[in-house]
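To start, the structure under review is shown below, and the notes come after it.
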Amino acid sequence: MKNNNYKTMVNVYPFNKWVALTLCVTLGIFGAHKYYEQKLVVGALYSLTLGFLGIGVLFDMIRYLSMKSPYYNTH
């Protein structure tokens, strides 16, 4: 039996890399891009450490630029 609705079965939703990149550039030190990706624990860590002192934000900017859009977040 083939299920055509696979994405909802495993709770995988597409994210837009441009939205994530914009959030990373503007509110990255507060973890807004991680909250957008539904990574709540990492978002909280970004909030508490100001984006790992900016190093994590810089790394994420580079990572978003190299991704396809839309991308799928795998927890």
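The values are calculated or read from the model by the stated rules, or taken from the named source; none is laboratory data. Bear in mind that the values here come from a model prediction, so they are computed numbers and not experimental data. Don't worry about glycine lacking a Cβ; one is built from the backbone with ideal geometry, like all the others, and counts go over all protein chains shown. These area figures cover heavy atoms from the full protein model, side chains too; ligands, DNA and RNA do not enter into them. Shrake-Rupley method; radii C 1.70, N 1.55, O 1.52, S 1.80 Å.
Look through the range 9-42, keep the residues that are under 18 Å from GLY56 (Cα atoms) and not in a helix (DSSP H, G or I), and return whichever of them is most open to solvent (accessible area, probe 1.4 Å).
The initial filter retains those residues of the range 9-42 that are under 18 Å from GLY56 (Cα atoms), namely 17-42.
Filter again for not in a helix (DSSP H, G or I), leaving 31, 37-39.
On the way: GLY31: 0, GLU37: 2, GLN38: 100, LYS39: 57 Å².
Looking at the filtered set, the residue picked out is GLN38.
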Quiz item: For the range 36-75, which residues satisfy the criterion of being over 21 Å from VAL12 (Cα atoms) and among the aromatic types (Phe, Trp, Tyr)?
Solution: TYR46, PHE52, PHE59
Quiz prompt | Condition met for THR49 (at pLDDT 95 or above, open to solvent by 70 Å² or more (accessible area, probe 1.4 Å), part of a helix (DSSP H, G or I) and hydroxyl-bearing (Ser, Thr, Tyr)) | solution = no
Exercise. Please determine, by comparing only the residues of the range 12-42 that are small (Gly, Ala, Ser) and touching a Phe, Trp or Tyr at 6+ places or on another chain (Cβ under 8 Å), which one is farthest from LEU53 (Cα to Cα).
Key: ALA20
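When the residues of the range 1-38 are narrowed to those that are of a type in the set (D, E, K, R) and in contact with a helix residue (DSSP H, G or I) (Cβ under 9 Å, 6 or more places away or on another chain), which ends up modelled with the highest pLDDT? Spell out how you get there, then give the answer.
If we filter the range 1-38 for residues that are of a type in the set (D, E, K, R), which is where we start, we get 2, 7, 17, 34, 37.
Restricting the remaining residues to those that are in contact with a helix residue (DSSP H, G or I) (Cβ under 9 Å, 6 or more places away or on another chain) gives 17, 34, 37.
Details: LYS17: 92, LYS34: 95, GLU37: 92.
Per the stated criteria, the residue is LYS34.
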